[in-house]
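Each remark here refers to the structure printed beneath this line.
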Amino acid sequence: MYSNPAPNFCLMTGLNMSNFGSHVATRSANKVQSVWYSNYEDMISFLNGRGMKSGLDLSSQLLSSSTFGSAWHIGINANDQVEISSDAPFRIRYYSTTPIVSSSDVLGFGNTFIHYSGGATIGSPLLSYAATAPNEWIRGEIIAFAYEIEQVGGSGSFLFNFIGGAQDLIIACRVRGNGDIDDGSNTLEQADITAVSGSDTRWYIDNQGYVVNSSLSVSALTWNDTSFRDFLGFTGNETTTSINGYTVLKASNFCSSVLVPTRPYQAFHNGVENVSEFRRKISGGYTSNTIGNYTFNQLAFDLDARLDSIDLYQHFINKFIPLCAAGERINFYQVLGDSRRMLIEADANAEQPAHDLIYTSSRNGFEGRIRASMITSDYNLVFPRNMRRRVPISMRFESLNE
């Protein structure tokens, strides 16, 4: 369970990107293009498909960095801890003296060597040696990290470095194209990779709700569809920065389909509607025909406005809400930076662990992503005491049963 009792949250709408033209950008003479889908889960699914390019996922990078062992795996175990496993005995610690910019102990191993203890509990096939991080993994955007790994009973050692950025740890562990229920295809990232002949270019949403492109040794991006550019939050006036050798292009404006307030939500609760048709019998009592059991969610939060640290007031009215009218799809990320689906504890079993790279049962359903349909259609954005700092918002959405 994530120890932060009041984490920040995020809302993302579903997306119909088929209205945009296929050719959205160019790198040199190479077109970034595709025939976009009409039913993306949200902006994360559209940008990166909830996974990394094959070879850039953490298990692949760990294997390519290693100087001993022929198999490595990294993932989340059933206790929601990072587990690293290998076919060779090892120990690991966070390499805090690294010169890498914005490096942090993302995995939660700490500065003291953690030795392997027993075999792996995750991955396929299960490997003989595994080390479990004693601390929480960091939720949110990953910029970079470095870990020192040494062979136990041998002289091998290496640094496991990650640079270039990623959506979050969950997505950094996943490979796009794995075929599971959260795997996305026809993404902007894949179209960009194709345009640059397989080179390293990544797309994701940062912790504030801005779209970021991080690329290595590729030509500059030129926008061909300005409406598409504007939808992502870019203006065309952005300049790039260099972080750990990667060229980083960050949008100037918030992504239209993403809302990241600066404060935790004020209140959130569930309700249940049990819909059935029923009739009284002549002999007494009732007969009924159950139609369905529907869970709705009531969310209350403060929207940042003009006199606050950021201003989301007009973004909410003119960009975000038009994309999630009543009946449209919306995703509620109860913990900003944890992209997994919500799972209740009673649904964890031998086939479905309490935590993995798709689901989390932390706080018995009060963490993880809630997939829903919007119900609210009317918002009265009144400033309390006429102070244009923040606005109380209340919205209702209905969880998907699928």
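The requirement of being assigned by TED's automatic domain parsing to the domain that holds Leu126, under 22 Å from Ile138 (Cα atoms), at pLDDT 95 or above and hydroxyl-bearing (Ser, Thr, Tyr) is fulfilled somewhere in the range 77-92, by at least one residue. In the set Gly209, Gly198, Gly177, Gly236, only one residue is small (Gly, Ala, Ser), in a loop (DSSP other than H, G, I, E, B), within 30 Å of Arg263 (Cβ to Cβ) and not assigned by TED's automatic domain parsing to the domain that holds Gly69; that residue is Gly209. Of all the criteria given as (1) farther than 16 Å from Asp57 by Cα; (2) in contact (Cβ under 8 Å) with a residue 40 or more places away in the chain; (3) within 17 Å of the chain's Cα centre (by Cα), the one not satisfied by Leu232 is (2). Candidates in the range 362-387 are the residues that are basic (Lys, Arg) and surrounded by 14 or more Cβ atoms within 10 Å (Cβ to Cβ); of these, the one that is farthest from Asp42 (Cα to Cα) is Arg363.
Within the range 77-110, if we keep just the residues that are hydroxyl-bearing (Ser, Thr, Tyr) and outside any loop (DSSP other than H, G, I, E, B), the residue that is surrounded by the fewest Cβ atoms within 10 Å (Cβ to Cβ) turns out to be Ser103. Residues in the range 151-170 that are of a type in the set (A, V, I, L, M, F, W, C) and either outside any loop (DSSP other than H, G, I, E, B) or within 23 Å of the chain's Cα centre (by Cα) (or both) were compared, and the one that is nearest to Thr97 (Cα to Cα) is Leu159. Taking the criterion of being in contact with a helix residue (DSSP H, G or I) (Cβ under 6 Å, 6 or more places away or on another chain) and either among the hydrophobic types (A, V, I, L, M, F, W, C) or at positive phi (or both), the residues of the range 304-345 that qualify are Ala305, Met342, Ile344.
Screening the candidates Ser242, Ser214 for the property of being free of Cβ contacts under 8 Å to residues at least 24 places away in the same chain, more than 16 Å from Val24 (Cα to Cα), outside any loop (DSSP other than H, G, I, E, B) and out of contact with any helix residue (DSSP H, G or I) (no Cβ under 7 Å at 6 or more places or on another chain) yields one hit, Ser242. Is it true that Ile74 is β-branched (Val, Ile, Thr), crowded, with 21+ Cβ neighbours inside 10 Å and part of a helix (DSSP H, G or I)? In short, no.
Would a scan of the range 372-391 turn up a residue that is touching a Pro at 6+ places or on another chain (Cβ under 9 Å) and either assigned to a strand (DSSP E or B) or more than 29 Å from Phe316 (Cα to Cα) (or both)? Yes. The condition of being surrounded by fewer than 21 Cβ atoms within 10 Å (Cβ to Cβ), farther than 30 Å from Ser155 by Cα and either at pLDDT 95 or above or of a type outside the set (D, E, K, R) (or both) holds for only one of Ser18, Ser45, that being Ser18. Looking at Asn274, Asn253, just one residue is closer than 29 Å to Phe397 by Cβ and modelled with pLDDT under 95, and that residue is Asn274. Looking only at residues that are touching a Ser or Thr at 6+ places or on another chain (Cβ under 8 Å) and hydrophobic (A, V, I, L, M, F, W, C) in the range 224-250, which one is farthest from Pro392 (Cα to Cα)? Ranking the qualifying residues of the range 224-250, first place goes to Ile243.
The values are calculated or read from the model by the stated rules, or taken from the named source; none is laboratory data. Keep in mind it's a predicted model, so treat the numbers as computed, not measured. So basically every Cβ, Gly included, is an ideal-geometry build from the backbone, and we count neighbours across all protein chains shown.
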